[in-house]
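The values are calculated or read from the model by the stated rules, or taken from the named source; none is laboratory data. Just so we're clear, the structure is a prediction, and the values are computed from it rather than from any experiment. Cβ sites come from the backbone with ideal geometry, for glycine too, and all protein chains shown count toward neighbours.
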């Protein structure tokens, strides 16, 4: 018996260690969730609004052991558990897990295993099913160190509802792949080297040489105008302006039809325009169950677009319909360039005014946004510009109408409310009359009522406020591809509830919004105390400070949100002739272009437009925008407080 004791003990120890040996090749930590927590797993969702998605450990359901990880999508969402996996380059890996589903929608992507940032997924499970095994084989690229494993319900651009459990997750390195399976690329394609492989409808590689040429020509034109070498003969400036704006318009119309745009935005705009232009489309728009995170004003614009498209049967022609969807922003490009000329000609000669106008209409960042991407930031900027002009003309009450429309078009319009607020306060101090404040409030209420009442049938009185809150809650990230302070800290796509030093990113963002608005107030009251009754409006500077400050310092910013700063910087140069504002215009034009170009190309290449938090270009662009903001603060203080400028008069 004693002779058998030692072998029996060894056998018992070996049997105890079989599970450990079996999992020794598994690269996943907390793979069976038996710890009773989601340790090592991040929770990610396309929409982060409270109540839409639930993530938790379920100790009542399991494939093996006693626990599993569960996702419940109460509303359509792309939700997943993510974990970074350390891997070796040029190797094959097998990703697998067991899934159980309950009432997962049959029309969209179900439960699956994949890698964050790629389009390939395993077999996806829909409906209601007991435990099923799913797997995905893939390869890494040379020098690859890791990938992010994703246990998902839904996929990019393909949201779903239902309940799914995950258990026994395995990632293991394999020597070879079965001959009958597809091998996925477990990495995001390098966007810098593959643009030539894109179809014409997605290939915008020509924008790189064009942007370089634009900045070279822009500098050359400014130098020639400064030295009075470039002059336009009297009477010809209007003809040249019409020709330039016409070229800008025609080129935009051509490329609007050729380039399909950012698919998510274009898809939304097309769907919204068709829905809003239908019978009872406006009254039932927000109650139809269709996803929409835009306030009502631009839905009215899209209703007009949809109505015209239906009238002339343009929806059946993709190119023609793309032009219609992009047309409001394209028209806004031309109108804004014309307004810049009209404002400049009051301060400069016709040659300089013409140059400033074409610096906008041919600006690659402006062209990219409206024509290639298909976004409407240009339309938003045009509304703000009209409001700014009314402020400068002393028509504050009418300006309030435009600022109200801006808020009812995009939530970012709220950024500019301190400007109209300070203008009204200074007006009250100067006139000792509350009339303009009262009328402005009245006009804002009437404007809001006119725009929202058609959408309000059967809705709660607070439905618009709820829409703004839900929109904000849907992007609870420190930064979403924006070149700003939080991306500089490596927090792109990181939840803004995460702590930075003492406070959350969200708290820091709110603090900086307040600080930016206080700085704007400091400029306003410094200007008034310096000039008293003769104080002129500093609205162009204030709007530039508000937009740039909030973009660079706040959370939940997207790559496009700095767009209006380009026009405001150009207007600041027109009114103050300080070279600093011209440099800010050049700097923001460069960073806005690179930021939006990078995201759009990623979307075209992979249908996954998110920039990695450790991306070098993201760091450089973010640092550049932080420097631009600091420079803007210095220049604005010099202009307003010290009444000093570094003049660059183009005569």
Query raised in the report: residue 577 is checked against (1) modelled with pLDDT of 95 or more; (2) in contact with a strand residue (DSSP E or B) (Cβ under 6 Å, 6 or more places away or on another chain) and fails just one. What number does that condition carry?
Result: (1)
Report summary line: Of the candidates 581, 576, the one satisfying the condition of being buried (at least 24 other Cβ atoms within 10 Å of the Cβ), in the same structural domain as residue 487 (by TED's automatic domain parsing) and under 26 Å from residue 361 (Cβ atoms) is 581
Query raised in the report: residue 329: at pLDDT 90 or above and within 26 Å of residue 248 (Cβ to Cβ), yes or no?
Result: yes
Query raised in the report: Hey, any hits in region 556-563 for a residue that's assigned to a helix (DSSP H, G or I) and either buried (at least 23 other Cβ atoms within 10 Å of the Cβ) or in contact (Cβ under 8 Å) with a residue 40 or more places away in the chain (or both)?
Result: no
Requested in this report: Evaluate the following for residue 239: is it closer than 25 Å to residue 326 by Cα, over 33 Å from the mean Cα position of the chain (by Cα) and part of a helix (DSSP H, G or I)?
Outcome: no
Requested in this report: Would you tally the residues in region 74-91 being crowded, with 17+ Cβ neighbours inside 10 Å and over 24 Å from residue 39 (Cα atoms)?
Outcome: 1
Query - Pair list, Cβ < 8 Å and 6+ apart or interchain, from region 454-465 residues that are under 19 Å from residue 301 (Cα atoms) to residues that are part of a loop (DSSP other than H, G, I, E, B) - result: 454/282; 454/283; 455/282; 455/283; 464/295
Requested in this report: Return a yes/no flag: does region 617-627 have any residue that is in contact with a helix residue (DSSP H, G or I) (Cβ under 7 Å, 6 or more places away or on another chain) and at pLDDT below 95.
Outcome: no
Requested in this report: Of all residues in region 33-55, count the ones that are buried (at least 17 other Cβ atoms within 10 Å of the Cβ), touching a strand residue (DSSP E or B) at 6+ places or on another chain (Cβ under 6 Å) and in a loop (DSSP other than H, G, I, E, B).
Outcome: 5
Requested in this report: Please verify whether region 633-641 includes one or more residues that are touching a residue at least 24 places away in the same chain (Cβ under 8 Å) and within 17 Å of residue 188 (Cβ to Cβ).
Outcome: no
Query raised in the report: Would it be correct to say that residue 571 is over 23 Å from the mean Cα position of the chain (by Cα), crowded, with 17+ Cβ neighbours inside 10 Å, within 17 Å of residue 377 (Cβ to Cβ) and modelled with pLDDT of 95 or more?
Result: yes
Requested in this report: Using the structure shown, decide if residue 192 is at pLDDT 85 or above and loosely packed, with under 15 Cβ neighbours inside 10 Å.
Outcome: no
Requested in this report: Sort out which residues of region 222-248 are modelled with pLDDT of 90 or more and surrounded by fewer than 16 Cβ atoms within 10 Å (Cβ to Cβ), and write them in order of number.
Outcome: 223, 239, 242, 243, 246, 247
Query raised in the report: When both residues are 6+ apart or on different chains and their Cβ atoms are under 8 Å apart, which pairs have a first residue that lies in region 132-143 and is on the phi > 0 side of the Ramachandran plot, and a second that is part of a loop (DSSP other than H, G, I, E, B)?
Result: 143/89
Requested in this report: Mind listing whichever residues of region 92-107 are surrounded by 22 or more Cβ atoms within 10 Å (Cβ to Cβ) and farther than 25 Å from residue 186 by Cα?
Outcome: 104
Query raised in the report: Which numbered condition trips up residue 528, out of (1) in contact with a helix residue (DSSP H, G or I) (Cβ under 6 Å, 6 or more places away or on another chain); (2) assigned to a helix (DSSP H, G or I); (3) touching a residue at least 60 places away in the same chain (Cβ under 8 Å); (4) within 23 Å of residue 380 (Cα to Cα)?
Result: (4)
Report task. With the condition kept exactly as written, say whether any residue in region 537-553 is more than 30 Å from residue 334 (Cβ to Cβ) and either free of Cβ contacts under 8 Å to residues at least 24 places away in the same chain or in a strand (DSSP E or B) (or both). Result -> no
Query raised in the report: Has region 262-278 got any residue that is surrounded by fewer than 18 Cβ atoms within 10 Å (Cβ to Cβ) and over 23 Å from the mean Cα position of the chain (by Cα)?
Result: yes
